[in-house]
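The values are calculated or read from the model by the stated rules, or taken from the named source; none is laboratory data. Because the structure is predicted, anything quoted here is derived from the model rather than measured. Cβ: placed from backbone, ideal geometry, glycine included. Neighbour counts: every protein chain shown.
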Amino acid sequence: MDQLENCPKCGEIFVKNKFRDICQACWQEEEAAYEKVYQFIRRRENRMATMHQVEEGTGVEEELILKFIKTGRLKLAQFPNLGYPCDRCGKLIQKGKLCNACTETLKKELDLHNMEEERKKELEKREKQITYFTLDEKK
């Protein structure tokens, strides 16, 4: 459901919905910035540009360029030197949230954790199977 909010950029009141998280005026500014970035990297001589070069060449902030990439507006397949930082280590990536090295590390840690949990369950199971008998001296 749509709701009234203040624009995080300029503070104006606007109706927030699932398509826009900023007011109309700021959205138009972002659209103009997107066009500037897209036209810049589309040129053959700029296809190998880094984030810093795109930022300098267009005057658009890195944060906004990253927003365009993360929302899928800029497709990185044609621009190998553009990307965004891995959520864990900060290495430049082009898809997902983690780089391959961090993904592998997390998988290994998860496997190790699962093995430890299995070992604990096995120990608990063995402890439950042990039966102790005592002599009843009253008889």
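Data table
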read-out: Qualifying residue in the range 35-51 (condition: in contact with a Gly (Cβ under 6 Å, 6 or more places away or on another chain), under 30 Å from P8 (Cα atoms) and part of a helix (DSSP H, G or I)); value: yes
read-out: Residues of the range 1-40 satisfying the condition of being among the small types (G, A, S) and farther than 28 Å from N81 by Cβ; value: G11, A25
read-out: Which listed residue, of L92, L110, is over 30 Å from N46 (Cα atoms) and out of contact with any His (no Cβ under 9 Å at 6 or more places or on another chain); value: L110
read-out: Residue in the range 25-35 that is buried (at least 17 other Cβ atoms within 10 Å of the Cβ), in contact with a Ser or Thr (Cβ under 9 Å, 6 or more places away or on another chain) and over 24 Å from L98 (Cβ atoms) present; value: yes
read-out: Among the candidates I41, I69, I65, residue that is aliphatic (A, V, I, L, M) and touching a strand residue (DSSP E or B) at 6+ places or on another chain (Cβ under 8 Å); value: I69
read-out: Criterion: without any contact (Cβ under 8 Å) to a residue 12 or more places away in the chain, surrounded by 10 or more Cβ atoms within 10 Å (Cβ to Cβ), among the hydrophobic types (A, V, I, L, M, F, W, C) and in a helix (DSSP H, G or I) - qualifying residue of L110, L64; value: L110
read-out: Given (1) within 23 Å of the chain's Cα centre (by Cα); (2) closer than 21 Å to A77 by Cα; (3) part of a helix (DSSP H, G or I), index of the condition E30 fails; value: (2)
read-out: Output for the range 73-95, where each listed residue is loosely packed, with under 15 Cβ neighbours inside 10 Å, closer than 18 Å to E35 by Cα and modelled with pLDDT of 85 or more; value: R73
